[in-house]
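The values are calculated or read from the model by the stated rules, or taken from the named source; none is laboratory data. Values in this document were obtained by computation on a predicted structure and should not be read as measured data. Here the Cβ is made from the backbone with ideal geometry for all residues, glycine too, and neighbour counts use every protein chain on show. SASA here: full protein model, heavy atoms, side chains in, ligands and nucleic acids out. Shrake-Rupley method; radii C 1.70, N 1.55, O 1.52, S 1.80 Å.
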Amino acid sequence: MIYLDHNATTPVDAAVLEAMMPYFMHKYGNAASTAHRFGWVAADAVALAREHVAMLLNCEPNEIIFTSGATESVNMALKGVFEIYQTKGRHIVAVATEHKAVLDVCASLERRGAQVTYLPVDSNGLIDLAELEKAITPETILVCIMMANNETGVIQPIEAIGRLCKEHGVLFMSDITQAVGKLPVDVQALGIDIAPLSAHKMYGPKGVGALYLRRRGPRVKLTPMIEGGGHENGLRSGTLNVPGIVGLGMSAELAAETRTDYFNNTLYLRQMLEKTLLALPGARLNGHAGLRLPNTSNISFGGIRPGGLIKSLSNTVAVSSGSACTSALMEPSYVLKAMGVADELAYNSIRFSLGRNNTEAEIIEVTTLVQRLLESLSNG
Ligand SMILES: *Cc1c(COP(=O)(O)O)cnc(C)c1O
């Protein structure tokens with residue numbers, strides 16, 4: 001089985017697991033226990049992990065809040081910001097191709113009186129900056145635009161968006177879950193005020209993530225969603241998941257160290273993959289050719305029965321059709337729809353998302369297999 005679904009999740013790196021192990025076993029203290037050594041050891045480990053996440057994003061450690069993952073971070077940020085800033089305005093700008101976590105929370109806020117503008121994207125998956133500027137009104141409190149899309153890998157012009165938000169005095173949240181470890185993510189240079197991320201998308205464990213919240217210029221305020229005990233500056237109560245946080249910290253450290261190699265290696269393999277697959281009759285790339293994550297390739301295969309290809313592949317190659325979250329429902333991907341991809345092409349789209357352990361031999365095997373299946377499917 002060849003795994004090409006790294007945008008859904010990644011394996012835990014051996015060094016990450018090794019770093020976590022002691023915190024399940026003999027270093028089992030509660031990071032909030034201040035009266036003894038067990039607690040101090042756990043608190044020190046959490047502090048170190050916070051530093052590593054902060055270094056990855058170029059922010060201060062006290063601007064990082066640990067959560068159970070990007071979905072929780074998104075909920076916390078959008079709901080918490082709306083709660084506080086709604087006296088200033090009730091308008092939020094998001095994009096039609098955001099992750100379901102963002103879109104579902106936006107829908108929930110709309111039921112609580114928020115007004116949300118969903119920016120469209122062009123056929124390349126990119127927003128239009130002029131359209132964004134037009135969408136911002138005196139009522140706007142927050143702009144929410146992901147850095148890189150999980151289905152297509154398309155990268156939005158984050159630095160320009162950050163500048164625009166600053167000019168208009170609105171907060172800028174960017175979901176960086178797919179970008180960290182693949183692209184440089186410097187929240188200062190990019191002007192990002194709020195950013196959710198998740199460990200399991202960057203070779204860390206599942207069920208742990210973080211939220212970056214700017215503390216100065218401007219200081220972002222939040223109403224906490226989870227109360228009780230006052231952990232994480234009162235913003236996210238509950239005993240800290242020490243082993244998970246240690247794992248996130250280690251995966252952040254490794255992400256910073258390996259980013260350049262990761263970029264070059266996955267890009268090389270992706271170019272190999274695309275060279276063969278995009279030459280096949282009826283194949284076309286979904287998403288901007290250049291402004292894209294190095295590891296992600298979303299390709300539609302025209303002229304075959306819907307769903308046939310992915311089903312035939314499923315015993316040999318792990319890939320996604322659309323996003324993992326929507327593929328249970330037999331609906332064409334909303335991301336591809338927003339880019340104007342026709343339904344029959346969206347049904348036959350495959351997301352290949354490569355990782356740091358994939359090899360040339362695997363890519364050759366996959367491209368040969370797809371080629372063969374396409375021939376048989378179009379003949380039948
Ligand atoms: C995976 C993903 C999420 C959700 O992350 P979880 O940690 O699984 O909750 C949010 N946004 C993007 C862009 C993602 O790829």
**Request:** Check segment 21-39 and report whether any residue there is within 30 Å of Phe172 (Cβ to Cβ) and either loosely packed, with under 15 Cβ neighbours inside 10 Å or away from the ligand (no atom under 16 Å from the Cβ) (or both).
**Result:** no
**Request:** Starting from segment 100-111, keep only residues that are closer than 14 Å to Pro196 by Cα, then list their pairs with residues that are within 11 Å of the ligand (Cβ to nearest atom) and outside any helix (DSSP H, G or I) whose Cβ atoms are within a distance under 6 Å, requiring at least 6 positions of separation or different chains.
**Result:** Lys100/Cys325
**Request:** Just one of (1) β-branched (Val, Ile, Thr); (2) within 16 Å of the ligand (Cβ to nearest atom); (3) surrounded by fewer than 16 Cβ atoms within 10 Å (Cβ to Cβ) trips up Ile145, so point out which.
**Result:** (3)
**Request:** Return the total of residues in segment 313-341 being in contact with an Asp or Glu (Cβ under 6 Å, 6 or more places away or on another chain), part of a helix (DSSP H, G or I) and modelled with pLDDT under 90.
**Result:** 0
**Prompt:** Can you tell me how many residues in segment 64-84 are open to solvent by 50 Å² or more (accessible area, probe 1.4 Å) and either touching a helix residue (DSSP H, G or I) at 6+ places or on another chain (Cβ under 6 Å) or near the ligand (Cβ under 9 Å from one of its atoms) (or both)?
**Reply:** 2
**Message:** If a residue must be over 19 Å from Tyr334 (Cα atoms), outside any loop (DSSP other than H, G, I, E, B) and of a type in the set (D, E, K, R), how many such residues does segment 77-132 contain?
**Reply:** 5
**Item:** Pick from segment 252-307, criterion of a type in the set (Phe, Trp, Tyr) and closer than 23 Å to Pro157 by Cα, ranking: least open to solvent (accessible area, probe 1.4 Å)
**Value:** Tyr262
**Asked** So Leu309 fits all but one of (1) touching a strand residue (DSSP E or B) at 6+ places or on another chain (Cβ under 7 Å); (2) within 19 Å of Gln178 (Cα to Cα); (3) at pLDDT below 90; what number is the exception?
**Response** (2)
**Message:** Every residue in segment 53-63 that is over 16 Å from Gly217 (Cα atoms) and either touching a Phe, Trp or Tyr at 6+ places or on another chain (Cβ under 7 Å) or surrounded by 23 or more Cβ atoms within 10 Å (Cβ to Cβ) (or both), please.
**Reply:** Val53, Leu56, Leu57
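Residue-wise test of (1) at pLDDT below 95; (2) within 27 Å of Lys337 (Cα to Cα); (3) within 16 Å of the ligand (Cβ to nearest atom); (4) hydrophobic (A, V, I, L, M, F, W, C).
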| residue | (1), (2), (3), (4) |
| --- | --- |
| Asn150 | no, yes, yes, no |
| Val185 | no, no, yes, yes |
| Met202 | no, no, yes, yes |
| Ala210 | no, no, yes, yes |
| Leu213 | no, no, no, yes |
**Message:** Please determine whether any residue of segment 98-106 is open to solvent by less than 20 Å² (accessible area, probe 1.4 Å) and either β-branched (Val, Ile, Thr) or outside the structural domain of Gly247 (by TED's automatic domain parsing) (or both).
**Reply:** yes
**Request:** Identify, by number, the condition in (1) under 30 Å from Val366 (Cα atoms); (2) buried (at least 16 other Cβ atoms within 10 Å of the Cβ); (3) acidic (Asp, Glu) that Asp193 doesn't meet.
**Result:** (1)
